[in-house]
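Values in this text are rule-based calculations from the coordinates and carry no lab data. The structure presented is a predicted model; accordingly, all values stated were derived computationally and were not measured. FYI the Cβ positions are ideal-geometry reconstructions off the backbone, even for glycines, and counts take in every protein chain you see.
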Amino acid sequence: MEETNQITSNSEGEQKNENSATSSRFLHVAWELVKIITIALVIVLPIRYFLFQPFIVKGDSMVPNFHSGDYLIVDEISYRFSEPKRGDVVVLKYPLDNTQRFIKRIIGLPSETVEIKNGNIRIIKDGMEIPLDESHYLFDVKRTDGDVTVTLQTDQYFVMGDNRPFSYDSRRWGVLPKEDIIGRALFRVYPLGAMSYIVTPGY
């Protein structure tokens, strides 16, 4: 009877040791998981919400250069240190409804006058008139519809979609305040065959 009690006691001790080891392993794994999640939050969230963010193109207003379903990475930090440039493709808050997001190309800069007439675009600044040549990125667009003359104030931009006949842009809803620019389209991630850095054209 004493031997039986001794065996039972040893068995209970071994069980306690196993339970303790299992608990220790669980705590170790849980702690490692907490550290990974914490590091991810510290690194990823600032990048996601303050530096870069994804944007999926919807609609055909930027055809032929961007198509519905394209997955882009938007640079949200550059415009804190430099001014938007003519030709930049930007993601913006629609000025008449900030809950909506548009993607357009910057055509007119602050203090310039943008004139659209007879299918052509002219930029007027300091008494100089410059016809806007977009042939290197709008291969099939022969004309830009509209009859517009607008002088931009400080921190105002004139934007249009590349698909001029089908784009709802500054020709219809007016100028874009700088505060409504979310960021510059920096990189196309998808589709994989079209993955590329998005270059601002020269004029």
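At full extension, Tyr203 and Asn118 could sit 28.5 nm farther apart than now, given 0.36 nm per residue minus the alpha carbon distance.
Compute the convex hull volume of the Cα atoms of the range 59-169, divide it by the residue count, and report the result per residue in Å³ as a whole number. Please report the intermediate quantities before stating the final value.
Values: hull volume 13.6 nm³, N = 111.
Expressed per residue, the convex hull around the Cα atoms of the range 59-169 is 123 Å³.
Give the residues of the range 143-165 whose amide nitrogen is closer than 15 Å to a point set 7 Å from the Cα of Lys178 in the direction of its Cβ. So the set is 152-158. A simple spin-label model places the labels of Ala30 and Leu186 3.8 nm from each other, with each point 7 Å out along Cα-to-Cβ.
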